[in-house]
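Since the structure comes first, as structure tokens, the remarks are kept for the end.
The values are calculated or read from the model by the stated rules, or taken from the named source; none is laboratory data. Model, not experiment: these values are computed from the prediction. As a convention, Cβ positions derive from the backbone with ideal geometry for all residues, glycine included, and neighbour counts pool all protein chains shown.
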Amino acid sequence: MAEAYVHVIVDPGAVSRAASAISELDSAASVHVVTGEYDVIARLELAEVDDLPTVVAEEIHSITGVIDTVTSLAFAR
């Protein structure tokens, strides 16, 4: 299992919809609308670390309003 945090920048006015769409992804363990440089932070739980590029590049980036992401892979608890 792999865990990653995705910091998401979203178009103004699309934050709630984008957060809701991200929360519907199978790998989304938690999703929060936040203040600061990013609009949404999602914690992903993945079966394999190799799944991460697909989830971020194809699933999250395909959501309407998503502009950019920064992803951090957790390697220790």
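I'd like to know if the range 62-75 contains one or more residues that are in contact with a Leu (Cβ under 9 Å, 6 or more places away or on another chain), in contact (Cβ under 8 Å) with a residue 60 or more places away in the chain and in a strand (DSSP E or B).
yes
Take the range 21-42 and flag every residue that is more than 12 Å from V8 (Cα to Cα) and surrounded by fewer than 13 Cβ atoms within 10 Å (Cβ to Cβ). If you could, list the steps in order and put the result at the bottom.
The initial filter retains those residues of the range 21-42 that are more than 12 Å from V8 (Cα to Cα), namely 21, 23-30.
Within the range 21-42, E24, D26, S30 qualify.
If the requirement is being modelled with pLDDT of 95 or more, part of a strand (DSSP E or B), of a type outside the set (S, T, Y) and surrounded by 13 or more Cβ atoms within 10 Å (Cβ to Cβ), which of these qualifies: E59, E45?
Numbers: E59 fails: part of a strand (DSSP E or B).
One residue alone meets the criteria, E45.
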